[in-house]
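Since every read-out is calculated from the coordinates, none of them should be taken as a lab result. Predicted model, so just to flag it, every value in this text is computed and none were measured. Neighbour counts run over all protein chains shown; Cβ positions are idealised from the backbone, glycine included.
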Amino acid sequence: MTGQGSGMNRSMAHASDRRSPMWVLAIAGVLATAAAGCASGGGAGSTEDTTPLPPERRNVLRVAGYQAVEMYNEAGVGVRTLDVAAGTVWSVVGGVYAQMEIPVEESDPRQMQLGTLGYAARRIEGDRMNTFIDCGSNLAGPMANQYDITLSVVTRLTSKGLESTEILTMVDAYGRPRAVSGNPIHCQSRGVLEQRVAQRIAEALGKEP
């Protein structure tokens, strides 16, 4: 699977969930599950992740007079494979994050995984947040551009052979109204940022976009 991204459903969530151990475990599970689902079979140097799959994150929305609706949160995931050794790819990932001004809060060279579990984002490479996520819209336009956005971006590399590496990037986001108090909403990834991270990595290695 190359250059593809999957979205996530919007739902209500509390800001304290962003740093909870279960939320971190959920990210690990998403990365491990997506990597397993997109793998085309092991090769020399392949790695196997045994991170347990976390329970589904579920919220129930109840409105008087209507049946309760269950909403499920799934992070956006994009995968791309490059014909470059994993160690070489890993050497440029941190620089790509710096170039894109995405902070690196967690870095694990052994797992070849790095990223941020949540930072305040307004723009990426000059593009407003509506380019990357969908939080709904109102009369003033896309709410992704009106909200305070907490964005998570994590990239994991998996060796698929001596000269092949799978790049998996997960994007998750929450938005909170700036002018009024209110609960954060879970925003949907458009799949753009996942692909752009992989594209910038390819460019840093001299590969075609």
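For the stretch 94-132, the residues whose amide N sits under 18 Å from a probe point set 7 Å from the Cα of Glu203 along the beta carbon direction are 94-103, 123-129, 131-132. Annotation: extensible slack from Ala120 through Gln99 equals 5.9 nm (criterion: 0.36 nm per residue apart, minus Cα-Cα distance). When the GluC sites (Glu not before Pro) in the stretch 104-158 are filtered for DSSP coil states and for at most 14 other beta-carbon atoms within 10 Å of their beta-carbon, the remaining sites are Glu105, Glu125.
Residue exposure proxy: Leu157, Leu205, ordered by other Cβ atoms within 10 angstrom of their Cβ from fewest to most, comes out as Leu205, Leu157.
Phi angles across the stretch 186-203 convert, under the Karplus curve 6.51 cos²θ - 1.76 cosθ + 1.60 with θ = phi - 60°, into 3J(HN,Hα) values of 7, 9, 9, 5, 8, x, 6, 5, 4, 5, 5, 4, 4, 5, 5, 5, 4, 5 Hz, Gly and Pro given as x. How big is the gap, in Å, between the Cα center of the stretch 79-106 and the Cα center of the stretch 178-209? For the stretch 79-106 versus the stretch 178-209, the Cα centre distance is 14 Å.
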